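The values are calculated or read from the model by the stated rules, or taken from the named source; none is laboratory data. Just so it is clear, the structure is predicted and the values come from calculations on it, not from any experiment. Here the Cβ positions follow ideal geometry from the backbone for every residue, glycine too, while neighbour counts run over all protein chains shown. The accessibility values were calculated without ligands, DNA or RNA, using every heavy atom of the protein model including side chains. Shrake-Rupley method; radii C 1.70, N 1.55, O 1.52, S 1.80 Å.
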Amino acid sequence: MDSPLLSTPGAVSADSPDTEVAAHYGEPSAEQRALATGAAVVDRSNRGVVRIAGADRLRFLHSLTSQHLESLAPDSPAEALLLSPNGHVEHHLALVDDGEAVWAHVEPGMAASLAEFLDRMRFLMRVEVTDETESYAVVTLAGAEAPGGALRTTDGLIVPRKELERDWHARLAGLWAYEALRIAAHRPRLGLDTDHRTIPHEAGWIDVAVHLDKGCYRGQETVARVQNLGRPPRRLVFLHLDGSVDHLPAHGDPIELGGRTVGFVGSAARHYELGPIGLGMIKRNTPVEEPLLAGGVAASQEVIVSPDSGSTVKIDLRRR
């Protein structure tokens, strides 16, 4: 479903998986500065929105996800993961409870599968799951007042889709602006900076989306094993890319050390202050001080997740 804001003069569609929203509106550098330091709104309405209502909704989500949600207070945003039985990340949810239902937004195209899974797991619980993507949208808003009734999550507002065309009293900024700031903040994005084998420790989600003292949930054994023994197979890394080349590495490009592939490029962008930057997933034992090649572009690495991540060491996320 294309966003109505793609008809804005100057709007340029983003690349997959975000083709339904604008990459920029003609002035990407100015848009990024406005988002970082002024008043701007980013259309992220291609994300999926799922609503979980019913008296048992918090207990239900608590039993399935990595987060402690039984006592989640209304209007308190949280993040949670749905894991496979082997502990691989299947969904990353940014969620909030409005007192009657939990609202969650997920990556583009993933709301239907999430809603279907949750609906299958209801059993006798008093829960109703609906895919609200056609009626609700996600936006990121900086430096301006949110509309009444907006639901604030840790990563954007959930608003009625009709609000996309309101006067935000803020500059429109494209997804390029949002992505550059996200990468600079060391926040991974499921499906771009991860793959089907990613476990929570590798992406640094342990401190934000996993509660280590809660009861059993699907995939918990993997989380507990890595937390107790340390040393996940891979680790997320921040890449400072060579600014002398005229292109960015593409998603999925190999990351190499001495001619040997040690990982893959996730996201890359041009930051208004830092220059070209990116996120990559590399083997845990890749030396932290060694220069890398990311899609053929020279890159120095900055640690996001410690090679020894787990209970034996402090997780070093260095989030900005």
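The single condition from (1) surrounded by fewer than 16 Cβ atoms within 10 Å (Cβ to Cβ); (2) aliphatic (A, V, I, L, M); (3) not in a helix (DSSP H, G or I) that Ala224 fails is (3).
Evaluated against (1) open to solvent by 60 Å² or more (accessible area, probe 1.4 Å); (2) closer than 30 Å to Leu35 by Cβ, Leu239 falls short on exactly one condition, (1).
Conditions tested, residue by residue: (1) aliphatic (A, V, I, L, M); (2) in contact with a Gly (Cβ under 7 Å, 6 or more places away or on another chain); (3) in the same structural domain as Ala36 (by the TED database); (4) in a loop (DSSP other than H, G, I, E, B).
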position: Leu236; (1), (2), (3), (4): yes, yes, no, no
position: His240; (1), (2), (3), (4): no, no, no, no
position: His251; (1), (2), (3), (4): no, yes, no, yes
position: Ile255; (1), (2), (3), (4): yes, yes, no, no
position: Ser306; (1), (2), (3), (4): no, no, no, yes
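Can you go through Glu31, Glu79 and tell me which one is open to solvent by less than 40 Å² (accessible area, probe 1.4 Å), closer than 21 Å to Val139 by Cβ, at pLDDT 95 or above and part of a strand (DSSP E or B)? Walk me through how you get there before you give the answer.
Working: Glu31 fails: part of a strand (DSSP E or B).
So the residue among Glu31, Glu79 that is open to solvent by less than 40 Å² (accessible area, probe 1.4 Å), closer than 21 Å to Val139 by Cβ, at pLDDT 95 or above and part of a strand (DSSP E or B) is Glu79.
Inspection of the range 187-208 identifies at least one residue that is surrounded by fewer than 20 Cβ atoms within 10 Å (Cβ to Cβ), in a loop (DSSP other than H, G, I, E, B), touching a Phe, Trp or Tyr at 6+ places or on another chain (Cβ under 9 Å) and not assigned by the TED database to the domain that holds Ala299. Does the range 209-221 hold any residues that are closer than 14 Å to Leu82 by Cα and either assigned to a loop (DSSP other than H, G, I, E, B) or in contact with an Asp or Glu (Cβ under 6 Å, 6 or more places away or on another chain) (or both), and which are they? Ala209, Val210, His211, Cys216, Tyr217, Arg218, Gly219 - these are the residues of the range 209-221 that are closer than 14 Å to Leu82 by Cα and either assigned to a loop (DSSP other than H, G, I, E, B) or in contact with an Asp or Glu (Cβ under 6 Å, 6 or more places away or on another chain) (or both).
Run down Gly156, Gly109 and say which single residue is under 15 Å from the mean Cα position of the chain (by Cα), on the phi > 0 side of the Ramachandran plot, outside the structural domain of Ser16 (by the TED database) and not aliphatic (A, V, I, L, M). Steps first, please.
Working: Gly156 fails: outside the structural domain of Ser16 (by the TED database).
On inspection, the qualifying residue turns out to be Gly109.
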